[in-house]
1. In region 53-66, how many are out of contact with any Leu (no Cβ under 9 Å at 6 or more places or on another chain) and modelled with pLDDT of 90 or more?
2. Among (1) of a type in the set (G, A, S); (2) in contact with a helix residue (DSSP H, G or I) (Cβ under 8 Å, 6 or more places away or on another chain); (3) in a loop (DSSP other than H, G, I, E, B), where does G41 come up short?
3. Please state which of the following conditions A53 fails to meet, knowing it meets all the rest: (1) assigned to a loop (DSSP other than H, G, I, E, B); (2) touching a residue at least 40 places away in the same chain (Cβ under 8 Å).
4. Please work out if E77 is open to solvent by 90 Å² or more (accessible area, probe 1.4 Å) and either modelled with pLDDT under 95 or of a type outside the set (G, A, S) (or both).
5. Take region 17-37 and flag every residue that is open to solvent by 70 Å² or more (accessible area, probe 1.4 Å) and either without any contact (Cβ under 8 Å) to a residue 12 or more places away in the chain or farther than 20 Å from R67 by Cβ (or both).
Amino acid sequence: MSCSRPTRELAQRLSGTDEVLLLWHPESDRVELCVRDVATGAGFHTEVAPASAIDAFYHPYAYAAWRENSYRIVRVETTIVDG
């Protein structure tokens with residue numbers, strides 16, 4: 001019987017309202033960069049080559065621009081109701 005290994009947080013930082021996470025998925029041996037604006041909920045995530053992980057962590061927007069086609073923007077929509 002094999003137990004699944006949980007995702008591990010390798011690094012985390014907050015810069016202004018941007019939360020940056022570097023995650024390792026041991027089951028697939030993938031490294032993922034996650035960026036989220038804690039004020040708006042907007043953000044993105046992308047897979048990162050292990051050799052580029054620290055650069056991506058400290059420069060997430062530059063890394064995402066470089067990997068333009070490999071990330072998706074996640075937006076939170078707010079509905080305003082007159083009341």
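The values are calculated or read from the model by the stated rules, or taken from the named source; none is laboratory data. In this text the structure is predicted, and so the values were computed from the model without any measurement. For neighbour counting, all protein chains shown are included, and Cβ atoms are generated from backbone atoms with ideal geometry for every residue, glycine included. The accessibility values were calculated without ligands, DNA or RNA, using every heavy atom of the protein model including side chains. Shrake-Rupley method; radii C 1.70, N 1.55, O 1.52, S 1.80 Å.
1. Matching residues across region 53-66 total 5.
2. Status for G41: all satisfied but (2).
3. Among (1) assigned to a loop (DSSP other than H, G, I, E, B); (2) touching a residue at least 40 places away in the same chain (Cβ under 8 Å), the lone unmet condition for A53 is (1).
4. So E77 passes the test.
5. Matches in region 17-37: E27, D29.
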